[in-house]
Amino acid sequence: MKTAVFSARRYDQRLLTQANAHAGHELIFVQDRLTADTARLAEGCAAVCVFVNDSVDAEVLARLAAQGTRLVATRSTGYNHIDASAAAALGMAVVRVTDYSPHSVAEFAVGLLLAVNRKIARASARTRDGNFELEGLMGFDLHGKTVGVIGTGKIGAIFARILHGFGCTLLGHDVVANPAFEALGGRYLTVPELMAQSDVISLHCPLLPSTHHIVNAASLAGLKRGAILVNTSRGGLVDTEAAVLALKSGQLGGLAIDVYEQEASLFFQDLSSTIITDDVIQRLVSFPNVIVTGHQAFFTVEAIGQIMATTLESLDDFEAGRPLRNLIPA
Ligand code: NAD
């Protein structure tokens, strides 16, 4: 099946080509993001394969449908970048990768937490420069601290289990209680209660209208002073400008983010030789108590292997007219 693969990095091309060896789909790799301007590159493709920063809105879907596309397959779990109801109205199916190593993201969130709390990236930069001074590198023990997990699904529950192993008390917020989280002694609270009592807060809920800016100026004002915030979920969960103000005042003690609200124009590309015009990200990376990574929490051998295999399986099933296992509801 002729499929245009957007936002295709070298590893996407290599691994999708390997996974496609059995099926022989005609994969057309496009490095650009899918937008209203680049949609024409999928002319004649029955399927498009997209990633988190592609815009798959109603306008783009209408263009794709007019060109013959009938399937959108996203190489991600989250699907906030796709207008699923517009796709349904156009008779297009949308699939995602429902399950891939949730450990990849949970473990990375723990890594970010340790890195920002114990200043590991700063320390490494210092020693490379021959500076073995400890001043400014003091962190705090996680043992005995309270960790708030917003979104206690697959990733959030694994993150909680790891932090339980560190000897942390667990608080959670979710619209559905997870017995696995409660079995760790986790207690569910409202967001303001969780923010007021936690030394560390980690976000693991999807980006929905109900969770957009769940961390904002008001919730940050109620934060336990000096707490650390970790976001490996979606940038739109945090009002970044409010976070910058909270960092400046010391209300927010540290911030570790793998996702950023305006990441679409920045992430997954090398901009080191260009002038970055996004002042918010530039301000963020200037703080000594902030770590920013470029949406890499999923990036493990296990997770990527599963993402590629599931994506190919969806293309096979669609072409063969079989039921689609990872269909996104309209
Ligand atoms: P999941 O569906 O297993 O868990 C999400 C949890 O969030 C569920 O328990 C759900 O009930 C809860 N939730 C829904 N609405 C909520 C609300 N209003 N308030 C609080 N909780 C709410 O999903 P998952 O596999 O654990 O993934 C979680 C998120 O992680 C994804 O939505 C995605 O945005 C993000 N993610 C990021 C990366 C990365 O590389 N950085 C990779 C994969 C997933």
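A short reminder: the numbers here are calculations on the coordinates, not readings from a lab. The model shown is predicted, which means the values in this text are computed figures rather than measured ones. Here Cβ is always computed from backbone atoms with ideal geometry, including for glycine, and neighbour counts include all displayed protein chains.
With the requirement that a residue be under 22 Å from A297 (Cβ atoms), away from the ligand (no atom under 13 Å from the Cβ) and surrounded by 17 or more Cβ atoms within 10 Å (Cβ to Cβ), what does the stretch 163-187 give you? Across the stretch 163-187, the qualifying residues are L163, H164, C168, L170, L184.
Just one of the listed residues (T310, T274, T300) is within 14 Å of the ligand (Cβ to nearest atom), of a type in the set (S, T, N, Q) and either surrounded by fewer than 17 Cβ atoms within 10 Å (Cβ to Cβ) or under 26 Å from N117 (Cα atoms) (or both), namely T300.
Residue-level check: of (1) assigned to a loop (DSSP other than H, G, I, E, B); (2) surrounded by fewer than 21 Cβ atoms within 10 Å (Cβ to Cβ); (3) within 16 Å of the ligand (Cβ to nearest atom); (4) not basic (K, R), C205 misses just (2).
Answer with yes or no whether T190 is touching a strand residue (DSSP E or B) at 6+ places or on another chain (Cβ under 8 Å), in contact (Cβ under 8 Å) with a residue 12 or more places away in the chain and surrounded by fewer than 15 Cβ atoms within 10 Å (Cβ to Cβ).
The answer is yes for T190.
Of the strands (runs of 3 or more DSSP E) entirely within the stretch 1-65, those holding at least 2 residues that are in contact (Cβ under 8 Å) with a residue 40 or more places away in the chain and either in contact with a Pro (Cβ under 7 Å, 6 or more places away or on another chain) or crowded, with 17+ Cβ neighbours inside 10 Å (or both) occupy 2-5, 47-50. Filtered by the rule that a residue be among the polar types (S, T, N, Q) and more than 16 Å from the ligand (Cβ to nearest atom), the stretch 313-330 gives a lone residue, S314. Annotation for the stretch 228-251: at least one member residue is touching a residue at least 40 places away in the same chain (Cβ under 8 Å), within 12 Å of the ligand (Cβ to nearest atom) and of a type in the set (D, E, K, R).
Report, by residue number, each residue of the stretch 277-293 that is touching a residue at least 24 places away in the same chain (Cβ under 8 Å) and surrounded by fewer than 15 Cβ atoms within 10 Å (Cβ to Cβ). The answer is V280, P288. When the test is whether a residue is in contact with a Phe, Trp or Tyr (Cβ under 7 Å, 6 or more places away or on another chain) and within 10 Å of the ligand (Cβ to nearest atom), A160 does not pass it. Under the condition of being surrounded by fewer than 24 Cβ atoms within 10 Å (Cβ to Cβ) and acidic (D, E), which residue from the stretch 209-259 is nearest to A106 (Cα to Cα)? So the residue we want is D239.
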